1. Determine if the range 68-78 includes at least one residue that is in contact with a Cys (Cβ under 9 Å, 6 or more places away or on another chain) and assigned to a loop (DSSP other than H, G, I, E, B).
2. Quick check: anything in the range 31-50 at pLDDT below 85 and surrounded by fewer than 12 Cβ atoms within 10 Å (Cβ to Cβ)?
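The values are calculated or read from the model by the stated rules, or taken from the named source; none is laboratory data. What you see is a predicted model, and the numbers here were worked out from it, not measured in a lab. Don't worry about glycine lacking a Cβ; one is built from the backbone with ideal geometry, like all the others, and counts go over all protein chains shown.
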Amino acid sequence: MPRMARIKSSTGIYHIIMRGINRQCIMEVKHNLTDKEARDIIIKLCKVRAATDLQNIENAERNKNLKELKEQFGISIRQIERLTGINRGIVLRAYHVTNSVPLTPGMNYCTF
C-alpha cells in the first residue's frame, strides 16, 4: 500500500528538526553583542568608570577580567581590544595562558 501524498504547505516548510544524533543540538544561534552592550558589561564586571580604564588596573586582575569577558560573556577578542584600547597580544595572552603556565620570553602564546 503506497504512502499518502504530503499535503501542500503554503510556506513550503514542512518539518524542521533542530537536533542530530542522540538529540545533540545541530544549530546554535549566536548572538553578537553590540558595542554598547559589551561596554556596559565591561564597566559592570571590572568596576571601572569607562572601558578604557581597564588599561590602568593591576595586570593579574586585568587578565582575569579579560579572560572572564571572553569565556562567560562571549565578547570577541577584537571587540575587547577595540573597546578597552588594550593591545590584541595582551588580550590573547590573557585568554590563552592560564595561571599555571609561566610567562617566559620566546614562548608561543597564540595556540589555536
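1. no
2. Looking through the range 31-50, at least one residue is at pLDDT below 85 and surrounded by fewer than 12 Cβ atoms within 10 Å (Cβ to Cβ).
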